[in-house]
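Before any comments, here is the structure.
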Amino acid sequence: MEQVKCLIIGSGPAGYTAAIYASRANLQPVLYEGVLPGGQLTTTTDVENFPGYPEGVSGTQMMEDMRNQALRFGADIRFGIVTKAELAPNHNKIVIDGETEIEAKVVIIATGASAKYLGLPCEAKYAGMGVSACATCDGFFYRNKTVAVVGGGDTACEDALYLSGLCQKVYLVVRKDYLRASKVMQERVLNSEKIEVLFKHEVIDLFGEDGVEGAKLLKNRGGEEETSTLAIDGLFLAIGHNPNSKLFADYLDLDANGYIVTEGATPITKVPGVFAAGDVADPRYRQAITAAASGCKAAIEAERYLMEN
């Protein structure tokens, strides 16, 4: 069994930033990149709101820059997926790809969260070409255009309101005949001149030549179904995220939606020496910059823990 000081599970802004800080602190971190090296950001075309890139940068390039920076300071970055975890103070046992066993004094979990999609084949076809799961990330590209947001909760309403400040028109596509959002959010959406709520509607397909040009909708009228088309330039999914925390559920506290619970604004979990960074512990912001910041915090806390123990 290989023994390491610091093991980082997952890449993306949180994992790579933790690796940069841990390497410079001589923690000799080993990082396993997981299913999607670079994380969700590698599925984003252009990133324009991350400090230090005044002209913008592709998500893939930004993650490559972070990865190379971690490598420069000596991080041991490996391909592999964690398939089992046993967490205990100073004796964390992690299994990689079902066979490689590692014991780590400290562990930083940066496994992220996966956006929920509708499960339509067209979503993959138009990924980066009109389909997005992050209004804050991609809304800027739809200035003065027409978009649709799918969802009926607070996140969907927040996204619709955010996009209404950029777009010419925003449709909020809601499967049920009511909004699940808080009363305040409902009032804001319903009172917005730029937002039109389509109750009892579902997106069942998308169409367009070089990107999304419209959506095919299904409407339920008291048991009778009818289809229609909606001209849009982009579709935003706001139906939730699935934090990648299942492997750690037996050892860490999770909230009702599966996000790892930490102490206040810190990355400290209930298991001493185990820290959570990035979207796996962030149900609120889910931004690259906040993920990177939490990766920094996790590495600093890991260094302190090792010094004290």
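Any read-out appearing in this document is the output of simple, stated calculations on the displayed coordinates, not a laboratory observation. Please read all numbers here as calculations on a predicted model, not as lab measurements. With ideal geometry, Cβ positions are generated from the backbone for all residues, glycine too; neighbour counts draw on all protein chains shown.
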Worksheet item: For the modelled label position 7 Å from the Cα of Val271 along Cα-to-Cβ, which residues of the stretch 11-41 have backbone nitrogen atoms closer than 16 Å?
Response: 32
Worksheet item: In percent, how large is the relative contact order of the chain, given Cα pairs closer than 8 Å and 6 or more residues apart?
Response: 21
Practice prompt. Could you work out the Kirkwood radius for the stretch 117-237, taking every pair of different alpha carbons, averaging 1/r and inverting it, reported in Å?
Written response: 14.2
Item to complete: Using a 10 Å cut-off on Cβ atoms, rank the peptides 6-19, 247-260, 138-151 from the highest mean neighbour count down.
Response: 6-19, 138-151, 247-260
Discussion item. Can you tell me the orientation of helix 288-308 relative to the chain, as the angle in degrees between its alpha-carbon axis and the longest Cα principal axis, to the nearest 10?
Written reply: 20
Response to the item:
Semi-axes in Å, largest first, for the chain (Cα gyration tensor, √(5λ)) are 39, 20, 17
Discussion item. Assuming a strict under-26 Å limit between Cα atoms, what lysine pair count do you get for the stretch 117-237 once near-sequence pairs (fewer than 8 apart, same chain) are dropped?
Written reply: 27
Fill in: For the stretch 117-237, share of DSSP beta bridges that run antiparallel, in % to the nearest 5
45
Worksheet entry | On Cα atoms only, tilt of 154-164 relative to the major axis of the chain in degrees | 60
Discussion item. If the rule is a partner Cβ under 4.7 Å, which cysteines in the chain fail it?
Written reply: Cys6, Cys122, Cys157, Cys167, Cys296
Practice prompt. Report the equivalent ellipsoid semi-axes for the stretch 61-103 in whole Å, largest first, defined as the square roots of five times the eigenvalues of the gyration tensor built from alpha carbon atoms.
Written response: 26, 13, 9
Worksheet item: Using the alpha-carbon atoms, what tilt in degrees (0 to 90, nearest 10) does helix 59-72 show relative to the longest principal axis of the chain?
Response: 10
